[in-house]
Amino acid sequence: ASGRHSFSDQDIRDIQVWWTLAWMDYDRRPKKLVAKGKNFTEKDKTGLRRLVVQTIRAIIPKYRQLQDDGLIEISTTPFYHPILPILIDSQVDGRVPVDVHFPYDAREQLARAQAFMSKRFKETPQGLWPSEASVSNDVAMVASSLGFKWIATDEGILAKSGIDLSWDNRRRLYHPYKRGEITIFFRDRTLSDLIGFQYMHAPATESANDLIQRLKTIGDGSHVLIALDGENPWDYYPNSGRDFLRRVFEGIQNDPALEAVTLSEARARMPAERLDWLAAGSWANANFNIWIGHPEDHQAWQWIIRAREALMARKGQVADDKWNLAYEELLISEGSDWMWWFGNDFSSDSDAIFDSLFRQHIGNIFQLIGLPEPQGLKNPIKKNLGGRNLVMAPPPLQ
């Protein structure tokens, strides 16, 4: 490396320590290391690494304790985060040039999530937060058949299901609905997005007070669902959002007009309105365009269809352990984040890595069931990667 790009061992060590400190919860960062600032030792780095491991190991026990104390409810999401309505029927929200009909896989993704959570929390989750809030009538029925009592999604789906939410009718958002035996909650998108995208730009007390006042204007006897992908916004809040969240819950506790409840508590307390039909859609414009609306998405789904057909044809012809590993690879490839990066919706510096990894999972299916890798699988799906050969795919499974 040239002189201006070279780093000493001390520089690298300082970067490693600060990278770790930056990603740690504010209250858990070792104050002595923060104050030291530089010239960290290997002992500093090793001790910090030990603290990180201890913190990670304490997460599930802490959540289980909060659950057992009745302070929180733990829901789940489909195991590899697939878009369930597409898995069940890709034509559910309009014609697309790929035919996906894998209801068995959708059910398997849910059943694996239940088993995973039950093993760790000693309770089977009652609620389902579907990937990208993606639902359909069939998803509700499959979830109900597996024992889920409630699912949650976006208010846009309620409107798409035929419920008028304009003007004074918006009050119809603030109670649960019932489709068959399962209860459905619809989030208030405005309040959820204020937390996700806006409140970090104002002082914590000011933002919390604004949220409390907005809740109080909704009216007595209402249930308001605030739901968002919780890992996304907190990096942008001072103190990782801790001050804001504390002010919010203090405000709720100190106001007799408000009460924080879990969705199972709300389900038990509030009468649900019958819903004749649950429309298909996600919280992204109440459709699935991000995951199946672009030719690159279609190409990725065609690879999944082709791999699944080959896998099912080989059932009973290869060893069970190999077939099961190949099926695991299939379930992984059905995850929503692959298609998130295909098409022209989103892009990042890691596009080539995602593209390569997706095709590697598809290739692993063929390799595990003893078939040659299909021609064309080495070609990138993401078109803006043409000519880029900087990413090396992981080695195939042995």
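The values are calculated or read from the model by the stated rules, or taken from the named source; none is laboratory data. Given the structure is predicted, the values throughout are model-derived calculations rather than measurements. Cβ sites come from the backbone with ideal geometry, for glycine too, and all protein chains shown count toward neighbours.
In the list ASN285, ASN289, which residue meets the criterion of being among the polar types (S, T, N, Q) and within 16 Å of SER161 (Cα to Cα)? Break it down into steps so the answer makes sense when it comes.
Numbers: ASN289 fails: within 16 Å of SER161 (Cα to Cα).
Matching residue, one of ASN285, ASN289: ASN285.
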Verdict on LYS45 being exposed (fewer than 14 other Cβ atoms within 10 Å of the Cβ) and either in a loop (DSSP other than H, G, I, E, B) or at pLDDT 95 or above (or both) | no
So which residues in segment 339-376 are surrounded by fewer than 19 Cβ atoms within 10 Å (Cβ to Cβ), farther than 24 Å from ASN285 by Cα and acidic (Asp, Glu), if there are any at all?
-> ASP349, GLU373
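Report yes if some residue within segment 181-191 is part of a helix (DSSP H, G or I), hydrophobic (A, V, I, L, M, F, W, C) and within 24 Å of the chain's Cα centre (by Cα); otherwise report no.
Going through segment 181-191, the residues part of a helix (DSSP H, G or I) turn out to be 189-191.
Filter again for hydrophobic (A, V, I, L, M, F, W, C), leaving 191.
From the residues that got through so far, the ones that are within 24 Å of the chain's Cα centre (by Cα) too are 191.
Within segment 181-191, one or more residues are part of a helix (DSSP H, G or I), hydrophobic (A, V, I, L, M, F, W, C) and within 24 Å of the chain's Cα centre (by Cα).
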May I ask you to list the residues in segment 128-143 that are of a type in the set (D, E, K, R) and within 17 Å of ARG187 (Cβ to Cβ)?
-> GLU132
Any idea how many residues of segment 214-258 are within 21 Å of MET270 (Cα to Cα), hydrophobic (A, V, I, L, M, F, W, C) and in a helix (DSSP H, G or I)?
-> 2
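Restricting attention to segment 140-176, and to residues there that are among the aromatic types (Phe, Trp, Tyr) and either crowded, with 21+ Cβ neighbours inside 10 Å or part of a helix (DSSP H, G or I) (or both), which single residue is modelled with the lowest pLDDT? Spell out how you get there, then give the answer.
Within segment 140-176, the subset among the aromatic types (Phe, Trp, Tyr) is 148, 150, 167, 174.
Now narrow it down to the ones that are either crowded, with 21+ Cβ neighbours inside 10 Å or part of a helix (DSSP H, G or I) (or both): 148, 150, 167.
Values: PHE148: 98, TRP150: 98, TRP167: 89.
Result: TRP167.
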Residues within segment 261-289 that are surrounded by 22 or more Cβ atoms within 10 Å (Cβ to Cβ) and either at pLDDT below 95 or in a helix (DSSP H, G or I) (or both), tallied | 1
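Being assigned to a helix (DSSP H, G or I) and without any contact (Cβ under 8 Å) to a residue 12 or more places away in the chain narrows it down to one of ASP349, ASP321, so name that one. Explain how you work it out, then say what you get.
Working: ASP349 fails: assigned to a helix (DSSP H, G or I).
ASP321 is the lone residue from the list that is assigned to a helix (DSSP H, G or I) and without any contact (Cβ under 8 Å) to a residue 12 or more places away in the chain.
Any residue that is at pLDDT below 95 and crowded, with 19+ Cβ neighbours inside 10 Å - is there at least one of those in segment 299-314? Please lay out each step first, then the result.
Restricting attention to segment 299-314, the residues satisfying the condition of being at pLDDT below 95 are none.
No, segment 299-314 contains no residue that is at pLDDT below 95 and crowded, with 19+ Cβ neighbours inside 10 Å.
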What number of residues within segment 16-42 satisfy the criterion of being closer than 24 Å to ARG120 by Cβ and either touching a strand residue (DSSP E or B) at 6+ places or on another chain (Cβ under 7 Å) or not in a helix (DSSP H, G or I) (or both)?
-> 2
Segment 92-114: number of residues that are over 27 Å from ILE74 (Cβ atoms), out of contact with any Asp or Glu (no Cβ under 9 Å at 6 or more places or on another chain), surrounded by 18 or more Cβ atoms within 10 Å (Cβ to Cβ) and not acidic (Asp, Glu) = 0
